[in-house]
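Colleague: Before I ask anything, let me first share the structure, which is written out below as structure tokens.
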Amino acid sequence: MELIYPFIILLILFILGVPIAFSLGTAGIVGILFITGDLKVLMSMVGLVTFDAVASYVLSAVPMFILMAFLSSSGGLATDMYRAAQNWTSNIRGGVAIGTVFACGIFGAMSGASLAAASVMSEIAIPNMRRLGYSEALTGGVVSIGATLDILIPPSILFVIYGIMTNTSVGKLLLAGVIPGIVLGIFLILCILLWVFFRPQDAPRAEPVSWSERWHSSYRIWPCILLIFIVMGLLYAGVATPTEVAGLGAFFAGLTGVILRRLTWTGAIQAFKGTIRISAMIFMVLIGAYIFGYFMTLSGIPQKVITAVQAMNLNRWVVMIAICLSYFIFSMFMDELPLMLLYLQITFPLITQLGFNPIWYGVVMAIMVMMGLVFPPVGLIVFVVSEAGRIELSKVYKGASILIIAIVMTLVLLMIFPEIVLWLPSTMK
Amino acid sequence: PQSSKTFSLKFASWVPQHDTMNYAPNLWIKEVEQRTGGRVKVTPYYGESLGKVANSLDMLKTGICDLALMPTGVLSKHFRVLDVLALPGLIPDRVIGTEVMYVLLQKGLLEKEFTGYVPIVLQCHDPFYLNFTKKKVTNLEEIKGLKIRFPSVTTKSALEALGATPVSIPPPELFNAINTGILDGTCASPGYLVLSKLYEIMKYTLWGYPISSGANIVLMSRKTWEALPPDVQLVMEELNKNAKSNYLEAGKRQDEDSIKQIKAAGVETYHLSPEELKKWQRLTQPVIDQWISDMQAAGLPGKEAFETAKGLVEKHK
Amino acid sequence: MSRWIQIIEKGFTILAITSTFIMVCLTAADAMGRYFLNQPISGVYEITEKYLMVFIVYLAFTYAYQEGANIRVTILVSRLPSKLNLVIRYFVQAFSILFVGLLFVSATQINLERFREVVDLTKRLSLPLWPAYLVISIGLLFLTLLIFFDLWNVKKGKSGLFKEESSGEPVSM
Ligand code: NA
Ligand code: NA
């Protein structure tokens, strides 16, 4: 029964606003102390974590994917790509919004951090859509949901972290996200078309674009194609491991920026500063989660959950849906990274026991995280879009809460057809 | 009169519960509990769930766990004499490898690396062979420049001596790296080929030339040991003897099973010609000589360890 | 005092950025070397894992803290009356000192026991691990001190822990 205390402490510290990394760590420390009653054991465990949670070759992909995102956005590549996508789609109603989805998807293939995508796409797309008279709800919603594509489309730091926490192949996870990402993109476009069909006033027609303009703008996006080739091509052809893809991606994102004279010294420094700041934050959370994880191991809670669930004799899909629903509720109030880590510690042994595929569950987890990032009241992507795009928060939430249907549809589809996730990694060659 | 004091111990194992390496330890745990009438309870934690495998010794020292299963290859900086198993072309199978360790133990050559610990069971695994995906390597010309993943620095030198290009790949990415052609091959034991499903994509496996071997040993921290009453220690000592044969039995089952599965999957298994094998042995001899001289320089019984191993191998021929 | 903190923080930041830059270049060169020249760079794996990652993360902690990169649940505290909120902030600040301080002590303790450890790059070349262990301790010690001296900034609302509420972008995946 005393196993409940660490959870109560966790909740209290959360509520008081103690940084989540520290809350997780403290709850873990109290738990370990309760179970072992040995201060020396506790201190040694914590001490070892400070090195082990950080010193990992696989995890070095995290800072490098983040750096790639920052360099891609500060190098002006995103602007070029956005313009090219616009020129191809803007002649249909809602076309500017659809072009934004394309741009988000392509930027997602050059960036490993969705918040970088959210902020750069807000800065580029929102002023343009505003100028054309698009409604703020539609604008904010499209950019928010579009930015979540970044998580599914490789590179993606979420899959690196999931892979390391569950001992699953990061390479396979990254590829597994591609088709669900495309499916989500299509659903999102369908939702936009439906939206502008019912409320045409939200998406006025844009001025027509000539063919020469289209070709001209498309020609300028070759650096983007190069970067996408580096990520997708190398991963799929297997010329490099995920960590190397991260290194090559960041390297060439910087190099094209320098060659095209788009990347200034200040821009580069900002990109590096942003990278180390976010990395430090992520690894602090990982340290806290590792400590909490040892408490979980010592407590035997995951096994108890498995036993309890098996005793209930439920259909495994009932369990899966219960996991997703409860995650969704928690994610309304919590940040996604610590919540995912916490959830994995409890649910991962259970779902593998129930026979679900770990790669597939990784993609499901990613989709849950995406929903958490755009759903009120705590949706980080929506905060960023609202701030960077200067749109009222409630308007962005309104749009995101409608277009989130596209994410839900994707989730349902890949629960019915797991092959959507598993096919591409299985063909890898 | 037995005291009624109970002892609750923690066993950290870096491999999954049903791995062959856990067979003997799991049995040991069960029997310790039975024979002590429940006075000693050992809780196992599998799959690095109490800490990273590289920290196994720190975990024992600090009391995070009382017993640990650890690979000598990963901890070769500490188990320097036991690293004799990793020398190229030396240990042909797990029976001899295990024998070698027990003889080294008996001769007192492991004293230094076992200080502070009590050995429970020493288990040499099946040898690492070379496995290839792209071409069947029958001579030194054909191995030249092939990218091959190595398990430890000793094997890295051996691969270099043979003219291959040793490559580091994190374990969870190994399957992909082979499947997609980042690597041309890898050092892996037959058992590992099956466990990791690598045999599904491997084309050729070169048997008869063990590029390396290694062990998974279970140690108890001496502090824990000394806190146990003599009658419990007696029970454990007896069970330690059984543990060795339990392991070899489980190992035999695994060997038979892996050979069957690898062949059924259509992997071509083959041997080097005797003349070619001699050439390979000659090329990797400097790695062995270097190892011995490094050991001697550090004041460690490298020469005795090697000769003990060599002698046992010859004896079994 | 604050001037010294600034100087040290700046030094750490520069080192963390340099480490990131080196890591990217080494990783890219290793992959390209293996593919084009069949010649991977020996030791990149170990250097990235054991040193560069540790340098990046632990030297960036202080900078991240100053920039307010802490994820916290603020949805509940932000609705409390400001006096109570201030009390809670002092608690959170003090609590954080204890937690990071504990990390520092535990890391230093265990690493003092193993500061002689080395990592093999090749059979002939080993590197000592103590520089990595030292950076962990230095990074955590400095972070502890920083949070401690920030106690005096809590009232002014300038503590690094509570910065993100006013400005700055949130961070996540
Ligand atoms: Na992405
Ligand atoms: Na949320």
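Colleague: Of the residues in region C:85-128, how many are touching a residue at least 40 places away in the same chain (Cβ under 8 Å), within 13 Å of A:Gly47 (Cα to Cα) and more than 8 Å from every other protein chain (Cβ to nearest Cβ)?
Modeller: 2
Colleague: What's the total number of residues in region A:385-403 that are part of a helix (DSSP H, G or I) and either at pLDDT below 85 or out of contact with any Cys (no Cβ under 9 Å at 6 or more places or on another chain) (or both)?
Modeller: Number satisfying all stated conditions: 13.
Colleague: Going by the structure shown, is A:Leu298 of a type outside the set (Lys, Arg), more than 27 Å from the chain's Cα centre (by Cα) and within 14 Å of chain B (Cβ to nearest Cβ)?
Modeller: Yes.
Colleague: Turning to a different aspect of this structure: Are any of the residues in region A:312-329 in contact with a helix residue (DSSP H, G or I) (Cβ under 7 Å, 6 or more places away or on another chain), without any contact (Cβ under 8 Å) to a residue 12 or more places away in the chain and assigned to a helix (DSSP H, G or I)?
Modeller: Taking every residue of region A:312-329 in turn, none turns out to be in contact with a helix residue (DSSP H, G or I) (Cβ under 7 Å, 6 or more places away or on another chain), without any contact (Cβ under 8 Å) to a residue 12 or more places away in the chain and assigned to a helix (DSSP H, G or I).
Colleague: To continue, here is another question. Go over the candidates B:Glu160, B:Glu142 one by one and state the one that is among the charged types (D, E, K, R) and closer than 20 Å to C:Leu121 by Cβ.
Modeller: So the residue among B:Glu160, B:Glu142 that is among the charged types (D, E, K, R) and closer than 20 Å to C:Leu121 by Cβ is B:Glu160.
Colleague: If you take the residues in region A:259-281 that are more than 8 Å from chain C (Cβ to nearest Cβ) and buried (at least 21 other Cβ atoms within 10 Å of the Cβ), which one is farthest from A:Leu337 (Cα to Cα)?
Modeller: Selected residue: A:Leu263.
Colleague: Okay, moving on. Give me the residue from region A:120-144 that is surrounded by 24 or more Cβ atoms within 10 Å (Cβ to Cβ) and polar (S, T, N, Q) and, out of that set, nearest to ligand 2 (Cβ to nearest atom).
Modeller: Going through the qualifying residues, I end up with A:Ser144.
Colleague: Does A:Ala240 satisfy the criteria of being over 30 Å from A:Leu67 (Cβ atoms) and either crowded, with 22+ Cβ neighbours inside 10 Å or free of Cβ contacts under 8 Å to residues at least 40 places away in the same chain (or both)?
Modeller: It is false that A:Ala240 is over 30 Å from A:Leu67 (Cβ atoms) and either crowded, with 22+ Cβ neighbours inside 10 Å or free of Cβ contacts under 8 Å to residues at least 40 places away in the same chain (or both).
Colleague: Out of curiosity, is A:Val49 away from ligand 1 (no atom under 16 Å from the Cβ), within 14 Å of chain C (Cβ to nearest Cβ) and outside any helix (DSSP H, G or I)?
Modeller: For A:Val49, the condition - away from ligand 1 (no atom under 16 Å from the Cβ), within 14 Å of chain C (Cβ to nearest Cβ) and outside any helix (DSSP H, G or I) - is not met.
Colleague: Hey, among B:Leu174, B:Leu193, which residue is part of a helix (DSSP H, G or I), within 14 Å of chain A (Cβ to nearest Cβ) and modelled with pLDDT of 85 or more?
Modeller: On inspection, the qualifying residue turns out to be B:Leu174.
Colleague: Pairs needed: first member in region A:358-372, more than 10 Å from chain C (Cβ to nearest Cβ); second member anywhere, buried (at least 24 other Cβ atoms within 10 Å of the Cβ) and of a type in the set (D, E, K, R); C-beta distance under 8 Å; at least 6 residues apart or different chains.
Modeller: A:Ile359/A:Lys172
Colleague: So, of the residues in region A:124-149 that are without any contact (Cβ under 8 Å) to a residue 60 or more places away in the chain and within 16 Å of ligand 1 (Cβ to nearest atom), which turns out to be nearest to the other protein chains (Cβ to nearest Cβ)?
Modeller: Restricting to residues being without any contact (Cβ under 8 Å) to a residue 60 or more places away in the chain and within 16 Å of ligand 1 (Cβ to nearest atom), the top hit is A:Leu149.
Colleague: Is it the case that region A:160-170 has a residue that's more than 12 Å from every other protein chain (Cβ to nearest Cβ), more than 24 Å from A:Phe375 (Cβ to Cβ) and either among the acidic types (Asp, Glu) or within 14 Å of ligand 1 (Cβ to nearest atom) (or both)?
Modeller: No; the residues of region A:160-170 include none that is more than 12 Å from every other protein chain (Cβ to nearest Cβ), more than 24 Å from A:Phe375 (Cβ to Cβ) and either among the acidic types (Asp, Glu) or within 14 Å of ligand 1 (Cβ to nearest atom) (or both).
Colleague: Okay, next question. Which condition number does A:Cys104 fail, the rest of (1) among the hydrophobic types (A, V, I, L, M, F, W, C); (2) under 21 Å from A:Ile259 (Cα atoms); (3) within 16 Å of ligand 1 (Cβ to nearest atom) being met?
Modeller: In the conditions (1) among the hydrophobic types (A, V, I, L, M, F, W, C); (2) under 21 Å from A:Ile259 (Cα atoms); (3) within 16 Å of ligand 1 (Cβ to nearest atom), A:Cys104 misses (2) alone.
Colleague: Might you check whether a residue that is in a helix (DSSP H, G or I), within 14 Å of chain C (Cβ to nearest Cβ), away from ligand 1 (no atom under 16 Å from the Cβ) and without any contact (Cβ under 8 Å) to a residue 60 or more places away in the chain occurs anywhere in region A:375-384?
Modeller: For region A:375-384, residues in a helix (DSSP H, G or I), within 14 Å of chain C (Cβ to nearest Cβ), away from ligand 1 (no atom under 16 Å from the Cβ) and without any contact (Cβ under 8 Å) to a residue 60 or more places away in the chain: present.
Colleague: Name the one entry in C:Ala29, C:Ala60 that is within 22 Å of A:Leu337 (Cβ to Cβ), at pLDDT 90 or above, at the interface with chain A (Cβ under 9 Å from one of its Cβ atoms) and outside any loop (DSSP other than H, G, I, E, B).
Modeller: C:Ala60
Colleague: Where residues in region B:290-304 are part of a helix (DSSP H, G or I) and touching a residue at least 60 places away in the same chain (Cβ under 8 Å), which of them is farthest from B:Ala158 (Cα to Cα)?
Modeller: Applying the filter and picking the extreme gives B:Glu304.
Colleague: If you go through region B:193-215 one residue at a time, how many are without any contact (Cβ under 8 Å) to a residue 60 or more places away in the chain and either touching a Leu at 6+ places or on another chain (Cβ under 8 Å) or hydroxyl-bearing (Ser, Thr, Tyr) (or both)?
Modeller: Number of matching residues: 1.
Colleague: Taking region A:387-405, which residues are of a type in the set (Gly, Ala, Ser), surrounded by fewer than 24 Cβ atoms within 10 Å (Cβ to Cβ) and in contact (Cβ under 8 Å) with a residue 24 or more places away in the chain?
Modeller: A:Ala388, A:Ser401
Colleague: Just give me the residues in region A:6-31 being facing another protein chain (nearest Cβ under 7 Å), over 17 Å from A:Leu344 (Cα atoms) and under 26 Å from the mean Cα position of the chain (by Cα), in sequence order.
Modeller: A:Phe14, A:Ile15, A:Gly17, A:Val18, A:Pro19, A:Phe22
Colleague: Checking A:Ile192 against (1) surrounded by fewer than 24 Cβ atoms within 10 Å (Cβ to Cβ); (2) under 16 Å from A:Val96 (Cβ atoms): exactly one of these is not met. Which one?
Modeller: For A:Ile192, the exception is condition (1).
Colleague: Does A:Gly25 meet the test of being farther than 23 Å from A:Cys191 by Cβ, surrounded by 24 or more Cβ atoms within 10 Å (Cβ to Cβ) and at pLDDT below 85?
Modeller: When the stated conditions are applied, A:Gly25 does not pass them.
The values are calculated or read from the model by the stated rules, or taken from the named source; none is laboratory data. None of the values given here were measured: they were computed from a predicted structure. As a convention, Cβ positions derive from the backbone with ideal geometry for all residues, glycine included, and neighbour counts pool all protein chains shown.
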